[in-house]
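Have a look at this one before I ask anything.
The values are calculated or read from the model by the stated rules, or taken from the named source; none is laboratory data. Just so it is clear, the structure is predicted and the values come from calculations on it, not from any experiment. Heads up, the Cβs are rebuilt from the backbone with ideal geometry, glycines too, and the neighbour counts pull from every protein chain shown. For accessibility, only protein heavy atoms count, side chains too; no ligands or nucleic acids. Shrake-Rupley method; radii C 1.70, N 1.55, O 1.52, S 1.80 Å.
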Amino acid sequence: MATAFAAAWETHKRANEKIAAMRDQLIAGLETIPHSRLNGDREKRLPGIVNFCFEGIEGESLLLHLDARGIAASSGSACTSGSLDPSHVLLALGLPHEVAHGSLRLSIGEENTPEEMDYIIRSVTEVVSYLRDMSPVWEGLERGEKPHLL
């Protein structure tokens, strides 16, 4: 029994290391998007969860465009899944409502690949740019009518 437990623990540990490496790849790529923010601590986090906010866009629009590209994601936190309200956790962390409303939560598993992380980074970058290009809110931010929050 002890040998089986030790083998299972090693398998679990290797899987988490693989997942954490893909998570870090995803974070590094998404944080290059201007006016984005990683939510949560950079080091003390689960290996397979990434949560970002993107200023000037709505989370629901982001999700619809990513879904059309075959990317399953959520907006907000797990406790607000299925709700259009921003995460109460992000609001409690001090994020303004309009920023928390543009959040994206991605889950990574052992079956995912680094190539899929590259695809997600490219897709999120393109979709955020597309949504900002059509957003009057973003246009006002860029013209300096209101200050950027991120």
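Peptides 48-54, 60-66: what's the order by average Cβ count within 10 Å, highest mean first?
Numbers: 48-54: 22.3, 60-66: 16.9.
The most tightly packed comes first, giving 48-54, 60-66.
Restricting everything to alpha-carbon atoms, can you work out Rg to Rh for the chain with a Kirkwood hydrodynamic radius? If you can, show how the numbers build up before the last one.
Working: Rg = 17.0 Å, Rh = 16.3 Å.
Value, to two decimals: 1.04.
Where does each of 21-32, 97-108 land if you order them by average Cβ count within 10 Å, highest first?
So the peptides 21-32, 97-108, ranked by packing, come out 97-108, 21-32.
If one takes the longest principal axis of the Cα atoms in the chain, at what angle in degrees, from 0 to 90 and to the nearest 10, does the Cα axis of helix 59-68 lie?
Value to nearest ten degrees: 60.
Here's something else I'd like to know. Using only helices, what value at 222 nm comes out for the chain when you add -39,500 (n - 2.57) per DSSP H run of length 4 or more and divide by the total residues, to the nearest 500 deg cm²/dmol?
-16000 deg cm²/dmol
Relative contact order, percent, of the chain when contacts are C-alpha pairs under 8 Å separated by at least 6 residues?
Once normalised by length, the contact order is 29 percent.
In square angstrom, rounded to the nearest 10, how much accessible surface does His88 have for a 1.4 Å probe?
In the full protein context, His88 sits at about 110 Å².
Just to confirm the number: angle between the C-alpha axis of helix 114-133 and the first principal axis of the chain, 0 to 90 degrees, nearest 10?
Computed tilt is about 10 degrees.
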